[in-house]
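Trainee: Here it is: the structure, laid out below.
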Amino acid sequence: MLPFGLPKTDHLEPTIEPQLKPIQLVETLADLYRRLGTCLESEKSLICIEQYSILSSLGDPKLLRRCLRAARQHAFDVHSKVVLSALLRYERREDEHDGVSPMDCSSFILECPKATLESGCDLNSIYDHCKCYQECTNSADVQISKEDELLTLEEDSDISFCVGNEEIDCVRSKIAALSTPFKAMLCGSFIESKRSKIDFSQNGISVELMKAVDLYSRTKRVDMFSPKIVLELLSFAERFCCEEMKSACDIHLATFVNCMEDVLVLIEYGLEDRANVLVASCLQVLLRELPSSLHSPKVMRIFCSSEARERLAAAGHASFLLYYFLSQVAMEEDKVSNTTVMLLERLKECATLKWQKALALHQLGCVWLERLEYKSAQCYFEAATEAGHVYSLAGIARSRYKQGQQHSAYKLMNTLISEYKAVGWMYQERSLYNTGENKIADLNTATELDPTLSFPYKYRAVSKAEKKQTKDAISEIDRIIQFKLAPDCLELRAWFFIAIEDYGSALRDIRAMLTLEPSYKMFNVRLSGDDLIDLLNHKVQQGSQADCWLQLYDQWSSIDDIGSLAIIHQMLVNDPWKSLLRFRQSLLLLRLNCKKAAMRCLQLACNLSSSEHEKLIYEGWIFYDTGHREEALAKAEKSILIQRSFEAFFLKAYTLSDSNLDPESSSYVIELLEEAIRCPSDGLRKGQALNNLGSKYVDSGKLDQAANCYMNALDIKHTKAHQGLARVYSLRNQQKAAYAELSKLIEKAHNNASAYENRSEYCDSEMAKNDLNMATELDPLRTYPYSYRAAVLMDNQKETEAIEELSKAIAFKPDLQMLHLRAAFYESIGNLNSALCDCEAALCLEPDHIDTLDLYNRARDQAIHPQQI
């Protein structure tokens, strides 16, 4: 069962992350906020993209989506709007939705393919629905009859253009009006101004084209011509500087671009004649087809070479933004491919600002490092460092280490640690070049400074496994898996379970791993997860689908999310077309903070839905998870009209609850949840509805009804209801009962960090401290324990220690609430500069946070008028 043996510590190393990682993140975010407030309107979009590139290292899809929406909101030029709209669509993984074509409109201005082709924007209506409709115009109004055309030619002509043996009668003044060169030729001092016939036979112009030029000069319309003639008109207009004609052809041809085939035919014409709108329309299709379009050699020829970039630039469509989008998708698809390298090289060529150069150079360094080209990688990392990106020093050290310069790499990281404030990744990187106890000490320091780094846990775990301490190795890797789920950590734990012949646990971890990343390859790409599952299935008894449902019920009830994921994965092998199971997957993944994988499962659920009302529900959840609350409500209501179902009522209630509700609205949510509970459903979902209903009753002061809901939820094994029942006991001043209720939850729940956190509210300060310390140990990403401990220290007038407690967490998780609290602490001790910096960083994350805005304005007033304090 261990065909390649267990992993070895010698083969482990962390990746150099391909994102910008400012050495002082809070100060960088504060600077971004200040610049956004003072820059020109035309500069805001690009600053939002800079913000996106910096926040990418935090991995929060909600934050990143907000940056992209803001960038799109402030984009004025067509090119930027096309790229950003496609990027928003890509982030939502719209390409995975069956029945959706790249040019389908989501009904919002932000992503509307027609709205993107209009320059300028109305900032007040940017979040409104777009006006996508097709103008139905009577063909009689569009076409000019041949008789009328001939009559017009006979009546108005005063000059003829000879093409071969044919003469095309035209109106001198109208042809002259097409461009300055024509005006000079026909009405100026040239000899043609005196002639009534002009020979155009040597200009490569066809009779049909010249007739079209004449007709356009009279009507100023191109919609009566075939696409072939319009293309010829476009070239004619470019050649003879007929700007108005060129613009008309450009806009008209753009309407013919709907699919990849159209693009591959028309983009060459657009690039040749520098037709901005036509090229924009073609780019829009290509970008909205990502990532599939990335695998077309014909498409990549449009982007990848320096010559291709120059052609795009000539048409106004080569930008840092474009190549940033393309290169990020390429890196996700295949980090070491030639396509990725070429796109990053073009990104470097487009970079003009310091941060852009740093990002492009750093990412090139990462790619060459992955390709084992260490000298090239070192050169790019050095250039990125010169551009001001300190994190690239880790890339330089790694490149030197790979070239046998271990001592040089160690000295470089040592210097970095001595010159800058300590950050977890610095010690993690230095540990690679250290030995013995010093290596372990560095890894422990890295974990202390940044517990979200997975490499230290993996190294310590493998080190213990090498000493035959496999159970201790499992305990070590458990420490990070219980709060941060990642495929590589699950894979490692699976190998440890195989080593002690616990095949059932190994199978569970591999199934959960494949849920997160279906194409994940194990043991350095030498073994697929599906192959290992086939091997393990011979060691583990397989239950029926009914058995799986019972197991899922038990795992869900014990809040064992990894176990639940594994069971659903097994059930999907037996029944891959079950949309309900995909939906359950998405709920679990959201609970585990795996938002990207959750969105993929929701899209699959939508694709597999067997009825319209069911599909509307999943579409509603997709809208809700991407911030479109009103659309989520509309989908729920439409589903209810088709069929009253638990999920439709639950979606509507859940969406309405996500706001500050007045008493009337709260009562309506209660009615919706009660209606949901009356609809058929299984215990897993009904328990959730009862729990939510209990919470609404508590908010309305109806404690008896709330207690009944929680009791009913517990009767069907919805374990989290212990938490709600504890709240009811607390409001009845029964603190011991509340404490006991949460103690039951701690005993039953597999993931119980939140239970420890909540139990701290119902005990004395010393016990609360112990519970919160346990919550931090189990899940260091939970922010409340840090805030509580800091507040206690502040109450005891230990201001420095209070600020240090918050700073410890902010260093690896710059959370809005913690930044706000630290700013308040700084204000209270008179450190207004630090208070303002924290407020600005917090507002960079959430610009409309009212409490932080109030604090910021107050601190700013105090800084400006200190005598009034």
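Trainee: For residues that are open to solvent by less than 20 Å² (accessible area, probe 1.4 Å) and part of a helix (DSSP H, G or I), scanning just the range 65-77, find the one that is nearest to Leu843 (Cα to Cα).
Mentor: Once the filter is applied, the top-ranked residue is Cys67.
Trainee: With the condition kept exactly as written, say whether any residue in the range 534-548 is in contact with a helix residue (DSSP H, G or I) (Cβ under 6 Å, 6 or more places away or on another chain), outside any helix (DSSP H, G or I), open to solvent by 10 Å² or more (accessible area, probe 1.4 Å) and hydroxyl-bearing (Ser, Thr, Tyr).
Mentor: No, every residue in the range 534-548 fails to be in contact with a helix residue (DSSP H, G or I) (Cβ under 6 Å, 6 or more places away or on another chain), outside any helix (DSSP H, G or I), open to solvent by 10 Å² or more (accessible area, probe 1.4 Å) and hydroxyl-bearing (Ser, Thr, Tyr).
Trainee: Evaluate the following for Ile803: is it of a type in the set (Val, Ile, Thr), open to solvent by 70 Å² or more (accessible area, probe 1.4 Å) and within 30 Å of Glu50 (Cβ to Cβ)?
Mentor: The answer is no for Ile803.
Trainee: Can you tell which of Asp169, Asp199 is on the phi < 0 side of the Ramachandran plot, open to solvent by 40 Å² or more (accessible area, probe 1.4 Å) and in contact with an Asp or Glu (Cβ under 9 Å, 6 or more places away or on another chain)? Spell out how you get there, then give the answer.
Mentor: On the way: Asp199 fails: in contact with an Asp or Glu (Cβ under 9 Å, 6 or more places away or on another chain).
After applying the criteria, what remains is Asp169.
Trainee: From the list Leu326, Leu322, Leu312, which one is open to solvent by less than 10 Å² (accessible area, probe 1.4 Å), in contact with a Phe, Trp or Tyr (Cβ under 7 Å, 6 or more places away or on another chain), assigned to a helix (DSSP H, G or I) and not polar (S, T, N, Q)?
Mentor: That would be Leu326, the only listed residue that is open to solvent by less than 10 Å² (accessible area, probe 1.4 Å), in contact with a Phe, Trp or Tyr (Cβ under 7 Å, 6 or more places away or on another chain), assigned to a helix (DSSP H, G or I) and not polar (S, T, N, Q).
Trainee: A further question follows. Output yes when any residue across the range 511-530 is modelled with pLDDT under 90, open to solvent by 20 Å² or more (accessible area, probe 1.4 Å), acidic (Asp, Glu) and out of contact with any strand residue (DSSP E or B) (no Cβ under 7 Å at 6 or more places or on another chain), and no when none is.
Mentor: Yes, the range 511-530 contains at least one residue that is modelled with pLDDT under 90, open to solvent by 20 Å² or more (accessible area, probe 1.4 Å), acidic (Asp, Glu) and out of contact with any strand residue (DSSP E or B) (no Cβ under 7 Å at 6 or more places or on another chain).
Trainee: Right, another one. Quick check on the range 252-266: of everything there that is part of a helix (DSSP H, G or I) and out of contact with any Leu (no Cβ under 8 Å at 6 or more places or on another chain), which residue is most open to solvent (accessible area, probe 1.4 Å)?
Mentor: Glu261
Trainee: Could you identify the single residue in Lys21, Lys81, Lys44 that is within 30 Å of Ser399 (Cβ to Cβ), basic (Lys, Arg) and either assigned to a helix (DSSP H, G or I) or touching a helix residue (DSSP H, G or I) at 6+ places or on another chain (Cβ under 8 Å) (or both)?
Mentor: Lys21
Trainee: Can you tell me which of Ala689, Ala676, Ala648, Ala653 is under 19 Å from Ser557 (Cβ atoms) and open to solvent by less than 10 Å² (accessible area, probe 1.4 Å)?
Mentor: Working: Ala676 fails: under 19 Å from Ser557 (Cβ atoms); Ala648 fails: under 19 Å from Ser557 (Cβ atoms); Ala653 fails: under 19 Å from Ser557 (Cβ atoms).
Answer to the selection: Ala689.
Trainee: Moving on. Kindly establish whether Glu637 is farther than 17 Å from Tyr90 by Cα, of a type outside the set (Phe, Trp, Tyr) and in a helix (DSSP H, G or I).
Mentor: yes
Trainee: Mind counting the residues in the range 211-236 that are assigned to a helix (DSSP H, G or I) and open to solvent by less than 30 Å² (accessible area, probe 1.4 Å)?
Mentor: 12
Trainee: I need a count of the residues in the range 266-319 that are touching a Lys or Arg at 6+ places or on another chain (Cβ under 7 Å) and without any contact (Cβ under 8 Å) to a residue 40 or more places away in the chain.
Mentor: Selection size over the range 266-319: 2.
Trainee: Please work out if Glu840 is in a helix (DSSP H, G or I), open to solvent by less than 20 Å² (accessible area, probe 1.4 Å) and more than 30 Å from Ser743 (Cβ to Cβ).
Mentor: Numbers: in a helix (DSSP H, G or I): yes; open to solvent by less than 20 Å² (accessible area, probe 1.4 Å): yes; more than 30 Å from Ser743 (Cβ to Cβ): yes.
The answer is yes for Glu840.
Trainee: Of the residues that make up the range 693-705, is at least one without any contact (Cβ under 8 Å) to a residue 40 or more places away in the chain, closer than 30 Å to Leu64 by Cα and part of a helix (DSSP H, G or I)?
Mentor: No: the range 693-705 contains no residue that is without any contact (Cβ under 8 Å) to a residue 40 or more places away in the chain, closer than 30 Å to Leu64 by Cα and part of a helix (DSSP H, G or I).
Trainee: Another question about this same structure. Is it true that some residue in the range 586-596 is open to solvent by 20 Å² or more (accessible area, probe 1.4 Å) and of a type in the set (Ser, Thr, Tyr)?
Mentor: Within the range 586-596 (the criterion being open to solvent by 20 Å² or more (accessible area, probe 1.4 Å) and of a type in the set (Ser, Thr, Tyr)), the answer is no, since none of the residues qualifies.
Trainee: Sort out which residues of the range 364-380 are open to solvent by less than 10 Å² (accessible area, probe 1.4 Å) and free of Cβ contacts under 8 Å to residues at least 60 places away in the same chain, and write them in order of number.
Mentor: Leu364, Ala377, listed by residue number.
Trainee: Does Lys744 satisfy the criteria of being basic (Lys, Arg), more than 24 Å from Leu449 (Cα to Cα) and surrounded by fewer than 23 Cβ atoms within 10 Å (Cβ to Cβ)?
Mentor: Criteria met by Lys744.
Trainee: What is the residue count in the range 663-673 for residues that are open to solvent by 30 Å² or more (accessible area, probe 1.4 Å) and under 21 Å from Val728 (Cα atoms)?
Mentor: Residues flagged as open to solvent by 30 Å² or more (accessible area, probe 1.4 Å) and under 21 Å from Val728 (Cα atoms) within the range 663-673 amount to 3.
Trainee: Sticking with this one: Mind counting the residues in the range 477-491 that are open to solvent by 10 Å² or more (accessible area, probe 1.4 Å), more than 23 Å from the chain's Cα centre (by Cα) and either within 12 Å of Pro7 (Cβ to Cβ) or without any contact (Cβ under 8 Å) to a residue 60 or more places away in the chain (or both)?
Mentor: 3
Trainee: Consider the range 758-776. How many of its residues are open to solvent by less than 70 Å² (accessible area, probe 1.4 Å) and within 17 Å of Lys736 (Cβ to Cβ)?
Mentor: 7
Trainee: Then there's this: Residues Ser645, Ser639, Ser611: which one is farther than 22 Å from Leu673 by Cβ, in contact (Cβ under 8 Å) with a residue 12 or more places away in the chain and hydroxyl-bearing (Ser, Thr, Tyr)?
Mentor: On the way: Ser645 fails: farther than 22 Å from Leu673 by Cβ; Ser639 fails: farther than 22 Å from Leu673 by Cβ.
Step by step, each of Ser645, Ser639, Ser611 is checked, and only Ser611 is farther than 22 Å from Leu673 by Cβ, in contact (Cβ under 8 Å) with a residue 12 or more places away in the chain and hydroxyl-bearing (Ser, Thr, Tyr).
Trainee: Take the residues of the range 779-794 that are among the hydroxyl-bearing types (Ser, Thr, Tyr) and assigned to a helix (DSSP H, G or I): which is least open to solvent (accessible area, probe 1.4 Å)?
Mentor: Tyr786
Trainee: For the range 1-51, give me the residue count where each residue is under 20 Å from Leu68 (Cβ atoms) and polar (S, T, N, Q).
Mentor: So the answer is 5.
Trainee: Sort out which residues of the range 407-435 are among the aliphatic types (A, V, I, L, M) and either over 16 Å from Leu12 (Cβ atoms) or assigned to a helix (DSSP H, G or I) (or both), and write them in order of number.
Mentor: Ala409, Leu412, Met413, Leu416, Ile417, Ala422, Val423, Met426
Trainee: Filter the range 692-734 down to the residues that are charged (D, E, K, R) and surrounded by 19 or more Cβ atoms within 10 Å (Cβ to Cβ) and list them by number.
Mentor: Passing the criteria: Lys696, Lys720, Arg727.
Trainee: More than 24 Å from Cys67 (Cβ to Cβ), β-branched (Val, Ile, Thr) and touching an Asp or Glu at 6+ places or on another chain (Cβ under 8 Å): which single residue out of Ile829, Ile864 fits that description?
Mentor: Being more than 24 Å from Cys67 (Cβ to Cβ), β-branched (Val, Ile, Thr) and touching an Asp or Glu at 6+ places or on another chain (Cβ under 8 Å) holds for just one of Ile829, Ile864, which is Ile829.
Trainee: If I filter the range 78-110 down to residues being modelled with pLDDT of 80 or more and closer than 19 Å to Trp621 by Cα, which single residue comes out as most open to solvent (accessible area, probe 1.4 Å)?
Mentor: Step by step, filter the range 78-110, then rank; the result is Glu91.
The values are calculated or read from the model by the stated rules, or taken from the named source; none is laboratory data. Note that the coordinates shown come from a computational prediction; the quantities given were computed from them, not determined experimentally. As a convention, Cβ positions derive from the backbone with ideal geometry for all residues, glycine included, and neighbour counts pool all protein chains shown. Keep in mind that these areas ignore ligands, DNA and RNA; they rest on the heavy atoms of the full protein, side chains included. Shrake-Rupley method; radii C 1.70, N 1.55, O 1.52, S 1.80 Å.
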